[in-house]
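Shown next, in structure tokens, is the structure this report addresses.
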Amino acid sequence: MLRSFLRAAVCAIALSACAAGPTLAQVQTFIDEEGDEMVLDTERYRSSYYLLFAPVPLGDGPMSAPRLLADTPQARAINAELVRLGQVRIAGKVQDINGDCEIDRSYFTTLYGPDYVAFDIFTGGYCEDSDEEAEEWHRVTFDMSTGQPVDLAAALPALRLQASDGSTSLYDGRYTSPLLDRLYVERITQEADPENECESVWTAEAMAGSTYALILSAEEGGLSFMPELPQVMAACGDPVTLSADELAAYGASDRLVRALRIAHEGGHWAPQFKDEED
């Protein structure tokens, strides 16, 4: 499963904290929401990651965002957007992140080079005056040749993606598409555990008109997408992936397909975690 889609903020640092955390260059242990330890594996991607990114501490505030090293207009534009996204409040829920709210932020670099970088950023937590969890997702891909966000609808025209109602799809990756409805049902029913309890959810009728969260993923080697389901059905919303080769058939450029293939083979995502047997 694509780790960046998990709501567990395994790399989150409370924004109310002031001290900078450890750097990615160090092997770190994090605790996921089930209490299990996961150890960051820096060896797999250290050399390639730090050719592009500065070893910014995983601390509090917007400057804990990944930061490109290159001193170019494109890199500066991407860095500025990452800082801006790191400053976004949770709309309508959190007015003062340093007040009566416990807010965490997690950054996942789901793809880095060549040519593109993609980020999955989760901000969420609770405030004393509300029983509901406040959360905000940003899923964004940048073209490193322009420094601008990639419009997935334009990059993958044959998928016929439409921005979800109320969505700013360039920054939250939320789209609808009848084709995605069909592809999701086909793929999830092929890949799911035979003993699953989601048959009533994974039907063409039930999935029709769903909103999907999309992200380019080096780990999965393509475009991963998952439906936004009611909380009671959330366990039935596992992500599925269209491979780089499949994306070529849906209009992806040779440049994007090549980038995904190279990033998948080279392990170009961060953070990564060691297997339990290591």
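Computed over protein heavy atoms with a 1.4 Å probe, the carbon and sulfur contribution to the accessible area of the range 168-278 reaches 49%. Amide H contacts of Glu219: none lie under 5 Å away among residues 5 or more positions distant or on a separate chain (H built 1.01 Å from N in the peptide plane; Pro and chain starts excluded).
Note that the range 177-233 presents 49 Å² accessible area per residue, ligands and nucleic acids not counted, probe 1.4 Å. Rounded to the nearest Hz, the phi-derived 3J(HN,Hα) couplings of the range 205-218 under the Karplus curve 6.51 cos²θ - 1.76 cosθ + 1.60 (θ = phi - 60°) are 5, 5, 8, 4, x, 5, 9, 10, 8, 10, 8, 6, 10, 5, where x marks glycine and proline.
Annotation: amide H of Thr211 within the under-5 Å range of Glu228, sequence separation 5 or more or interchain, hydrogens built in the peptide plane. Computed over the Cα atoms of the range 175-258, the ratio of the radius of gyration to the Kirkwood radius (Rg/Rh) comes to 0.98. Estimated from the Cβ-Cβ distance and a Förster radius of 51 angstrom, the FRET efficiency linking Glu191 and Val83 is about 0.85.
The values are calculated or read from the model by the stated rules, or taken from the named source; none is laboratory data. Keep in mind that what you see is a predicted model, and the values were worked out from it rather than measured. Note that we place each Cβ from the backbone using ideal geometry, even for glycine, and neighbour counts take in every protein chain shown. Note: accessible area is taken over every heavy atom of the protein model, side chains too, but ligands, DNA and RNA are not part of it. Shrake-Rupley method; radii C 1.70, N 1.55, O 1.52, S 1.80 Å.
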